[in-house]
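Asks: Provided herewith is a single structure, encoded as C-alpha cells, for subsequent inquiry.
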Amino acid sequence: MNKEYYFAVDLGATSGRTILGTLADGRLEQEELTRFPNNLIETGGHFYWDIYALYFEMIRGLKEVARRNITLTSIGIDTWGVDFVFIADDGAILRNPMAYRDPHTFGRMEEYLCHVVPQREVYDITGIQFMNFNSLFQLYAMQQDGNSAMKMAKKVLFVPDALSWMLTGEAVCEYTIASTSQMLDPRTGDLSERLIESVGLTREHFGRMVQPGTQIGVLTEEVQKMTGLGPVPVIAVAGHDTGAAVAAVPAKDEQFAYLSSGTWSLMGIETKEAIINDRSYELNFTNEGGIEGTTRFLKNICGMWLYERCRKEWIARGEKIEVRGEQLEISQVSHPELQGSAMQVEAFRSIINPDDKAFANPPSMIEAIQTYCRETGQAVPETPAEICRCIFDSLALRYRQVFGWLKEFKNTSLTSDPSPLTSDLVLHVIGGGSLNKYLTQFTADACGVEVLAGPQECTAIGNIMLQAKASGSVADIWQMRKIIADSVEMTAYHPSGDHAAWAAAYERYLKITR
C-alpha cells in the first residue's frame, strides 16, 4: 500500500489540533502539526466561539502541509456537538456562534416542553437525552429573544459543517453532528420538520444530509491560493467528536461497550437501530448517529469537567500539596501526582452525583461539591486530595450505574441486533481520561469487567480512518478497528477483587443520589 496522507482537524471545547495522519502497510501513524486554544468570548452578556480564529488555525495547519510539500489525500473536521453558525444570503457569517454553556437556555427547555412540543413527543421523535443546551432549545431561546442573526439566516450549519463550508463553499448537514441537535429523527435519517418548524425554521435552512465518509467538495480557489495546496477533497467524517471517537474503538467484535472519557464522559454501546422506549425515556438515554448506519446508544455523564474546574481553582488560589516530600503549588504538580495524592485518602468518604445540576457550571466547583456533601449529611472534603478522591469514587460509581442500564437495554431491546451483552463484555475507555490510571482501575472495580484503556487520541484517529475509508484504503468499520488495534497500545485493567467494598459503596451512592 502506498503511503497516504490525511489532514484531521480535531476541535474540542477548550483546545484544538491539526494532525497529519499517514496510512501504509496496515499501520496508522499520526503527527500533531499545530495545537491552539479554543477560547470562549464573553461579550454583551453572552458566550461565543471565535469561528474565524478556528478557521485561521485550520489554514495555518494546511500551510504547514504545503510547506513540507506533502500531497494530501483529503481533509476532515470534527468538533463538539450542538452548536451552530448562521449564514446570510450573501454568504456572510452572521455573528460568531453562541456557545452551549451560555446561560440563555436556562429555563427555556422546560418552557419549550411545556408550551410548544410535549417532552414525550420530542423524545419519541429523536430519542435524544434532554439537556438544556441541545440545539433545539438554543434555537427556541433565540427565537423567543428575537435574535437578529437567526432572523436573517439563510442557512444554519453545525460547527464542523460551517468550517467545511468555509473551506469548500458547500453547505451540508453531516448525520452524526445533526443527531446531537435533538431535531433529527433516526427512523427517517433526516431532521424532523415538526421540530424545525416549532422554532420558526424550515428544512431549507439546513444543508443536505450526508453520511460519514461523503465527500463534501474540494478546497475553494481562495483557500488553495492561501495555503499553496491544490483542490484537496474535504470529507464529512463523523463531524461529532464522540462519533469519531467511537469509530476508533479498537474492539475485536461486537461484545463491547465504550466510555469516551474527557471533559464529558460518554458511556454507551453500538446498536444497529435506535432504542426508543419507555425505559430509555425514563432514564434519559440518547441515540446519536454512528457510522455505517449504527446508533451510539449512550448516556452523557459529567466527567473530568469536575476535576478540571477544581484544579483551575486550586491553581488560582495558589493551593499546595505535598509531593516528593515537599510542599508544591498545584501549578507545579503533574496530573498523575495530583491524582495520586487522592489515593492516600479514605475511599468512599464523600460521594456525589456527578450529573446533579449543581455541577453544570457553578461559580466555584469546589464549593458546589462541598455544599452537596454537607447537604447530604456526609463528611465534607476540604483538601485537594479529598476532593479528587470524591470525584473519582463518584464517577466510577456513576459508571457502574450506567453500565448496568446498558446491559439491561442490550439484552431486552426489541431491535434486530442479534448480539446481546454477555458476562465477558469488554469495556473500552478511550480519550484523554484513559490516561488516568486510578479512575480507570476504579472503573474496572466498580463495573466488575475487564477494561481496555486507549487510544488517548481516539477522536483524531477516527477522523483519519474515516477519511481512509472514504478514499477506499479500508473496507469497513471492522477493518478500521483492526488497523487501529494493530497501531496503538492498550492497557488492560482487571477488577481488583474488592467486590464487597464497591458493592457497599454503590448501595450508599444510590441512597445519596436518589
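The values are calculated or read from the model by the stated rules, or taken from the named source; none is laboratory data. No experiment lies behind these values; they were computed from the predicted model shown. Heads up, the Cβs are rebuilt from the backbone with ideal geometry, glycines too, and the neighbour counts pull from every protein chain shown. To get the accessible areas, we keep the full protein, side chains included, count just its heavy atoms, and leave off ligands, DNA and RNA. Shrake-Rupley method; radii C 1.70, N 1.55, O 1.52, S 1.80 Å.
Asks: Charges at C-beta only: +1 for Lys and Arg, -1 for Asp and Glu. How large is the resulting dipole of the chain about its Cα centre, in Debye rounded to 20?
Replies: Working: 46 positive and 65 negative charges, 40 e Å.
Value, rounded to 20: 200 debye.
Asks: Here's something else I'd like to know. With a/c under 1.5 counting as rounded, go ahead and sort region 90-137 into rounded, prolate or oblate using the C-alpha gyration tensor (a ≥ b ≥ c being the square roots of the eigenvalues; past the cut-off, prolate if a/b is larger than b/c, else oblate).
Replies: Working: a/c = 2.36, a/b = 1.80, b/c = 1.31.
It is prolate, given that a/c is not under 1.5 and a/b is the larger ratio.
Asks: Taking N as the number of residues in region 319-411, what value does Rg over Cα atoms divided by 2.2 N^0.38 Å take?
Replies: Values: Rg = 15.2 Å, N = 93, 2.2 N^0.38 = 12.3 Å.
Output field value: 1.23.
Asks: Is it possible to state the helix-based mean residue ellipticity at 222 nm for the chain, with each DSSP H run of 4+ residues giving -39500 (n - 2.57), the sum divided by total residues, to the nearest 500 deg cm²/dmol? What is it?
Replies: Working: 19 runs with 199 residues, N = 514.
Helix contribution divided over all residues of the chain: -11500 deg cm²/dmol.
Asks: Can you give the Rg to Rh ratio of region 99-258, both from alpha-carbon atoms, with Rh computed by the Kirkwood formula? Intermediate results must be reported in sequence, preceding the final value.
Replies: Values: Rg = 17.4 Å, Rh = 17.2 Å.
Looking at region 99-258, the ratio lands at 1.01.
Asks: Quick one: accessible surface of M343, probe radius 1.4 Å, all protein chains present, in square angstrom to the nearest 10.
Replies: Solvent-accessible area, nearest 10 Å²: 50 Å².
Asks: Once you place label points 7 Å from the Cα toward the Cβ at N69 and D278, how far apart are they in nm?
Replies: Placing both labels 7 Å beyond Cα along the Cβ direction yields 6.9 nm.
Asks: Related question: Net charge around S334, counting only other residues with Cβ within less than 12 Å of its Cβ (Lys, Arg = +1; Asp, Glu = -1)? The partial results should precede the final answer.
Replies: Details: positive: R311, R324; negative: E337.
Neighbourhood net charge equals +1.
Asks: Another question, then. How big is the Cα convex hull of region 258-321 in projection, averaged over all directions, in nm²?
Replies: Details: hull surface 23.7 nm².
Across all orientations, region 258-321 yields a mean hull projection of 5.9 nm².
Asks: Just to confirm a number: summing +1 for Lys and Arg and -1 for Asp and Glu over residues other than A66 whose beta-carbon lies under 12 angstrom from that of A66, what do you get?
Replies: +4
Asks: How much accessible area does L435 have with a 1.4 Å probe, in Å² rounded to the nearest 10?
Replies: 110 Å²
Asks: Follow-up question, since we're still on this one. Is region 116-165 rounded, prolate or oblate when judged by the Cα gyration tensor, a ≥ b ≥ c being the square roots of its eigenvalues, rounded requiring a/c under 1.5 and prolate requiring a/b larger than b/c?
Replies: oblate
Asks: Based solely on C-alpha atoms, express the radius of gyration and the Dmax of region 240-362 in angstrom.
Replies: When restricted to the Cα atoms of region 240-362, Rg and Dmax are 18.6, 56 Å.
Asks: Beyond 22 Å between alpha-carbons counts as too far, so tell me which of K357/K437; K299/K357; K299/K410; K407/K469; K151/K357 fall in that bin.
Replies: Working: K357/K437 27 Å; K299/K357 15 Å; K299/K410 14 Å; K407/K469 30 Å; K151/K357 31 Å.
With Cα atoms farther than 22 Å apart: K357/K437; K407/K469; K151/K357.
Asks: How much length is gained if the chain between E31 and I59 is pulled fully straight, taking 0.36 nm per residue apart and subtracting their Cα-Cα distance, in nm to one decimal? Kindly include the intermediate steps, with their values, before the conclusion.
Replies: Values: separation 28, 0.36 × 28 = 10.08 nm, distance 1.68 nm.
Between E31 and I59, full extension yields an extra 8.4 nm.
Asks: I've got another one for you. If we restrict to alpha carbons, what Rg and Dmax does region 1-150 come to, in Å?
Replies: 19.4, 58
Asks: What span do the alpha-carbon atoms of the chain cover on each of the three principal axes, reported in whole Å from largest to smallest?
Replies: 62, 57, 53
Asks: Principal axes first, then extents: for the Cα atoms of region 233-282, list largest minus smallest coordinate on each axis, whole Å, largest first.
Replies: 43, 26, 24
Asks: Taking the dipole about the Cα centre of region 235-298, with the C-beta of Lys and Arg at +1 and of Asp and Glu at -1, give me whichever of S261, G239, G289 is farthest to the positive side.
Replies: S261
Asks: Give, to the nearest whole percent, the P(r) tail of region 63-149 beyond 20 angstrom, counting all Cα pairs.
Replies: In whole percent, the share of Cα-Cα pairs in region 63-149 beyond 20 Å is 51.
Asks: Just the number, please: Stokes-Einstein D of region 1-51 in µm²/s, Kirkwood Rh from C-alpha pairs, 10 °C, 1.306 mPa s.
Replies: Numbers: Rh = 13.0 Å.
Stokes-Einstein gives a translational diffusion coefficient of 123 µm²/s.
Asks: Here is a further query. Give me the Å³ per residue figure for the convex hull around the C-alpha atoms of region 348-482. Each step should come with its number before you reach the end.
Replies: Values: hull volume 21.8 nm³, N = 135.
Hull volume normalised by residue count: 162 Å³.
Asks: Relative to the longest principal axis of the C-alpha atoms of the chain, give the angle of the C-alpha long axis of helix 384-412, reported between 0 and 90° and rounded to the nearest 10°.
Replies: Approximately 70 degrees, to the nearest ten.
Asks: Follow-up. Just add up the charged neighbours of F36: K/R +1, D/E -1, any other residue whose Cβ is under 9 Å from the Cβ of F36. List each step's numbers first, then the result.
Replies: Working: positive: R17, R35, R60; negative: E57.
Overall, the nearby charge balance is +2.
Asks: On to the next question. Starting at the first residue of region 287-303, write each ³J(HN,Hα) from the Karplus equation 6.51 cos²θ - 1.76 cosθ + 1.60 with θ = phi - 60°, in whole Hz, x for Gly and Pro.
Replies: Whole-Hz 3J(HN,Hα) from phi for region 287-303: 10, 9, x, x, 9, 6, x, 7, 10, 9, 8, 8, 10, 7, 10, 5, x.
Asks: Would you rank V116, V380, V429 by solvent-accessible area, highest first, keeping every protein chain in place and using a 1.4 Å probe?
Replies: Working: V116 50, V380 30, V429 5 Å².
My answer, sorted largest first, is V116, V380, V429.
Asks: Along the charge dipole of the chain, which of Q129, S350, S496 sits closest to the positive end, that is, farthest toward it, with unit charges on the beta carbon of Lys, Arg, Asp and Glu (+1, +1, -1, -1)?
Replies: S350
Asks: Can you pull out the GluC sites (Glu not before Pro) in region 269-328 that DSSP calls coil and that have at most 15 other Cβ atoms within 10 Å?
Replies: Details: sites: E270, E273, E282, E288, E292, E308, E313, E319, E322, E326; in loops: E273, E292, E319.
The qualifying sites are E292.
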